[in-house]
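Below: the structure, in structure tokens.
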Amino acid sequence: MHQEQPSRPLEVACPQCHKKVLWIEENRFRPFCCERCKLIDLGAWASESHRIAGEPAMDETEIDEMILRAERGQD
């Protein structure tokens with residue numbers, strides 16, 4: 001009979017520091033290597049250093065105008 005060997009866990013690079021990390025359930029920070037790298041990445045998104053490419057759907061002025069129209073019932 002052929003026994004299947006357990007598969008090796010996937011190894012990925014931490015998106016922040018590029019350290020090799022095992023993609024396993026026990027790594028609660030995956031895909032990051034640690035909480036520090038996870039928080040640095042979160043901060044970059046919060047400060048808009050990281051962005052998704054493309055034009056924004058609406059700018060602040062358009063949003064304000066849409067809200068005013070809705071409040072006046074001019075939707």
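Of note:
- Residue selected from the range 20-46 under the condition in a loop (DSSP other than H, G, I, E, B) and not charged (D, E, K, R), by the criterion farthest from residue 10 (Cα to Cα): 34
- Looking across the range 47-67, the residues that are outside any loop (DSSP other than H, G, I, E, B) and surrounded by fewer than 10 Cβ atoms within 10 Å (Cβ to Cβ) come down to 60, 61.
- Any hit, the range 3-17, residues being at pLDDT 95 or above and of a type in the set (A, V, I, L, M): yes
- Residues in the range 33-56 that are basic (Lys, Arg) and modelled with pLDDT under 95: 51 only.
- Selection within the range 21-38 - among the hydrophobic types (A, V, I, L, M, F, W, C) and either surrounded by 12 or more Cβ atoms within 10 Å (Cβ to Cβ) or touching a residue at least 40 places away in the same chain (Cβ under 8 Å) (or both): 21, 22, 29, 32, 33, 34, 37
- Matching residues, the range 22-71, being more than 19 Å from the chain's Cα centre (by Cα) and among the basic types (Lys, Arg): 69
The values are calculated or read from the model by the stated rules, or taken from the named source; none is laboratory data. Just so it is clear, the structure is predicted and the values come from calculations on it, not from any experiment. No Cβ is skipped: glycine too gets one built from the backbone with ideal geometry, and neighbour counts run over all protein chains shown.
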